[in-house]
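Participant: Got a structure for you, questions after.
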Amino acid sequence: MALDAKYITILADATKCYYNYSELRELCGAFDVELPYDQVGTVPHVAWARALIRNLEHGNNRRFLVALVGSLVSRAREGVARTDWEKRQHHQSMLDLLTPLEGELQEGGLPSEISVPESKPFTAKSEAREFIGQPETEVTIVDNWVGAGTLDCFRDVAQPVKLLTGKHARSLADDFERALHDFRAEGHSIEVRTHPKLHDRYILFNNRCWLVGSSLKDAGKKAFNIIEVIDSKTLIEAEVLKKWNEATIL
């Protein structure tokens, strides 16, 4: 879900009003979000807010904004309750502008976890397709075993896809290469490489990383789980890139 550009100025003005640099730096540090500053040592609030709004699903931006805007709303409400009439009007105006933004941030967004019980293939495939169809960046999939069902999960992806799979006799299902040809013929951008030493399954996009419990082609035949990786994300990204560079182009 994209946020309206009108929220850029609202976020910039409210942050400048209710947060000093030290507080903002501490909150950014908690979510590993970059806080820029200009040559005179102040935060360029509008440019910073624009980057956050436009890249909502990158990294921890959404989680950070949920926390920040929730705090801004609380401070605006406190201002309404505790200040004189003239200042109260200012805080009420801020509150009226921030409340819709808070509501929109709570809706949609990429989940940190998806869990579908076994024997629900339709539900699992639908969940996987909706999830993978939301990236704003290139998508990297690491999955040892692939088939036509894997590509079906990518049909709504508008970004280029990198698929890293195994290099074993059964890594590619009998229907995969034909399905890959048809998938590309419909205009999808996908590169497939094979590597002999893959273990876990991952999905990476928007500067985030998820661990996948079972192969996408079998989603729903057994319990299907996608869980976001936070602490090990950087290490996983480096390992996936290394193996991608080592892999053989299909």
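Read-outs throughout are calculated quantities, based only on the coordinates presented, and are distinct from any laboratory measurement. None of the values given here were measured: they were computed from a predicted structure. Cβ atoms come from the backbone with ideal geometry, glycine included; neighbour counts cover every protein chain shown.
Participant: What's the longest uninterrupted piece of the chain once you rule out the trypsin sites (Lys or Arg not before Pro) that are loop residues per DSSP with at most 14 other Cβ within 10 Å?
Facilitator: Between exposed loop sites, the widest span is 1-154.
Participant: If you stretched the chain out fully between A51 and A30, how much longer would it get, using 0.36 nm times the residue separation minus the C-alpha to C-alpha distance? Numbers along the way, then the final one.
Facilitator: Values: separation 21, 0.36 × 21 = 7.56 nm, distance 1.82 nm.
In short, 5.7 nm is gained.
Participant: Once you sort the root eigenvalues of the Cα gyration tensor of the range 113-249 as a ≥ b ≥ c, which label holds: rounded (a/c under 1.5), prolate (a/b larger than b/c) or oblate (the other case)?
Facilitator: The shape class here is rounded.
Participant: Positive end of the charge dipole of the chain (Lys, Arg +1 and Asp, Glu -1 on Cβ, about the Cα centre): tell me which of L35, W244, G133 has its Cα farthest that way.
Facilitator: W244
Participant: Separate question: Normalized C-alpha radius of gyration of the chain, against 2.2 N^0.38 Å?
Facilitator: For the chain, the normalised Cα radius of gyration comes out at 1.23.
Participant: Work out how much length V66 to K197 would gain on full extension: take 0.36 nm times their residue separation and subtract the Cα-Cα distance, in nm to one decimal.
Facilitator: 43.2 nm
Participant: While we're looking at this one, here's another question. Once you order the gyration tensor axes a ≥ b ≥ c over the Cα atoms, which shape class does the range 6-106 get: rounded for a/c under 1.5, otherwise prolate or oblate by comparing a/b with b/c? The partial results should precede the final answer.
Facilitator: Numbers: a/c = 1.87, a/b = 1.42, b/c = 1.31.
Since a/c reaches 1.5 and a/b is larger than b/c, the shape of the range 6-106 is classed as prolate.
Participant: Here is a further query. Over the range 113-249, what is the mean sequence separation of C-alpha contacts under 8 Å (at least six apart), divided by residue count, expressed as relative contact order in percent?
Facilitator: 33
Participant: OK, next. Going by a ≥ b ≥ c, the root eigenvalues of the Cα gyration tensor, does the range 108-152 fall in the rounded group (a/c under 1.5), the prolate group (a/b larger than b/c) or the oblate group?
Facilitator: In terms of gyration-tensor shape, oblate.
Participant: Name the residues of the range 1-34 whose amide N is less than 11 Å from a point 7 angstrom out from the Cα of T83 along the C-beta direction?
Facilitator: Answer for the range 1-34: 17-18.
Participant: Further question: What percent antiparallel are the DSSP beta bridges of the range 113-249, to the nearest 5?
Facilitator: Within the range 113-249, antiparallel bridges account for around 60 percent of the total.
Participant: Can you give the relative contact order of the range 6-106 as a percent, counting alpha carbon pairs under 8 Å and 6+ residues apart?
Facilitator: Across the range 6-106, relative contact order equals 29 percent.
Participant: Also, I was wondering about something else. Are any of the pairs K162/K221; K120/K162; K120/K242; K120/K167; K16/K242 more than 32 Å apart by Cα-Cα distance, and if so, which?
Facilitator: In this structure, K120/K242; K16/K242 lie more than 32 Å apart at Cα.
Participant: Filter the GluC sites (Glu not before Pro) in the range 77-119 to those in DSSP coil with at most 12 other Cβ atoms within 10 Å of their Cβ, and list the result.
Facilitator: E107, E118
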